[in-house]
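Written below as structure tokens is the structure these notes are about.
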Amino acid sequence: MSIESEIRDRVRRGMLFLLVPKAAGAPIRRVMLVGEDLWSDLESPEGDAEWEERIGKLRADLEVFVTEEKIVPRYLFLLYPAGDAVWEIRSVRDRPSLRVLGLFAAKDIFVSTNHARREDLGNWQSREWKAVKRLARAVWRKLFQGYEPIVTTNANEVCSGVADELFYRERS
Amino acid sequence: MNSSTGNAPKSRRDLAYYRQRFRNRVFSRLVSFVAEQAQEQKVTKKEVAEKIRKDPAQLSRLLGSPSNLTLDTISDLLLAFDAEAEPFAIVLFKDRRPSNQLHPLAASVLDMAPPSAEGKTQSAGAGEKIIKPIGHGPEISFVAGPV
């Protein structure tokens, strides 16, 4: 069975949710699948003003992956170690800055596994960072036992439209 | 989830979403333009920074995140390439043409029957044809040419 079939099955079973742009008519160039925890935040009932602001912006930031032709270098990061294949999408507009972690099932198909507030993670070698990365891998294994994510350091292999060089570099 | 329409007050979430979406789209368009023109005109980061009277580190910060851009800095960056933005198109949701961009996996998921009722619902998701016949307006256009 292909990974796409597995994904359809997980969606059918309510384990993953397709992020469809909220704005009518927006394109779906790439696929983002969201796990239950993040989905319940995105679809949460109305909260206080700060929560509403944060969730609205988070959704817009996640939809960049789905809708935009170009993905800027600072939007998508591969976390250390590269062999774990865990990537991070940043939503940094407001406090708290949020990190959405996930792995690529195929090019342009991102499976979001977990998310965290940046302020809870400490420096990149912290126990907290290691824990969220381990959780990302654990959620992947739970979802897709037997299927490996794409393992690469080249963002162009997981995502189309990555603008890796903005400016002309003079080569000597 | 559908676009916010109708006469009800817009929710805070919708307001925040559309503001950020607007910022992101402008930013994405700007970055695409800069990347394309910089390669075509063979312009380095240092040269662009000098033209807008900033240092390269400041320029990197400006182009690092949508939240760092202002209307002034957008104008400056375009001017560095002898360009300016045309007044952008404004489109009513009801007048939007459907997008012709639909990833095949998304299409197949959206065509599926709704998940079984185990307390897990997916709004704006499985079983609905999300790409309704409302249009996708033209993007903000940047015009390159002599100042």
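The values are calculated or read from the model by the stated rules, or taken from the named source; none is laboratory data. Because the structure is predicted, anything quoted here is derived from the model rather than measured. Here the Cβ is made from the backbone with ideal geometry for all residues, glycine too, and neighbour counts use every protein chain on show.
Points to keep in mind about this one:
- Meets criteria (at pLDDT 80 or above and closer than 21 Å to B:Ser28 by Cα) for B:Ser108: no
- Residue tally, condition small (Gly, Ala, Ser), more than 9 Å from chain B (Cβ to nearest Cβ) and assigned to a helix (DSSP H, G or I), over segment A:1-54: 2
- In segment B:72-86 there is no residue that is at the interface with chain A (Cβ under 10 Å from one of its Cβ atoms), at negative phi, among the hydrophobic types (A, V, I, L, M, F, W, C) and within 19 Å of the chain's Cα centre (by Cα).
- Entry remark, segment B:49-67: residues being modelled with pLDDT under 85 and either closer than 17 Å to B:Ala35 by Cβ or of a type in the set (A, V, I, L, M, F, W, C) (or both) number 2 in total.
- Scan of segment B:39-71 for residues that are in contact with a Ser or Thr (Cβ under 8 Å, 6 or more places away or on another chain) and free of Cβ contacts under 8 Å to residues at least 12 places away in the same chain, ordered by number: none
- Residues of segment A:21-38 include none that is without any contact (Cβ under 8 Å) to a residue 24 or more places away in the chain and under 13 Å from the mean Cα position of the chain (by Cα).
- Counted residues, segment A:28-71 - those being under 19 Å from A:Asp108 (Cα atoms) and charged (D, E, K, R): 8
- Residue in segment A:100-116 that is more than 13 Å from the chain's Cα centre (by Cα), facing another protein chain (nearest Cβ under 9 Å) and assigned to a loop (DSSP other than H, G, I, E, B) present: no
- Failed item in (1) at positive phi; (2) in contact (Cβ under 8 Å) with a residue 24 or more places away in the chain, with A:Gly122 passing the rest: (2)
- Residues that are hydroxyl-bearing (Ser, Thr, Tyr) and surrounded by fewer than 21 Cβ atoms within 10 Å (Cβ to Cβ) within segment A:24-78 comprise A:Ser40, A:Ser44, listed in sequence order.
- Filter result for the condition that a residue is of a type in the set (A, V, I, L, M), touching a residue at least 40 places away in the same chain (Cβ under 8 Å) and in contact with a Cys (Cβ under 9 Å, 6 or more places away or on another chain), over A:Leu76, A:Leu166, A:Leu98: A:Leu76
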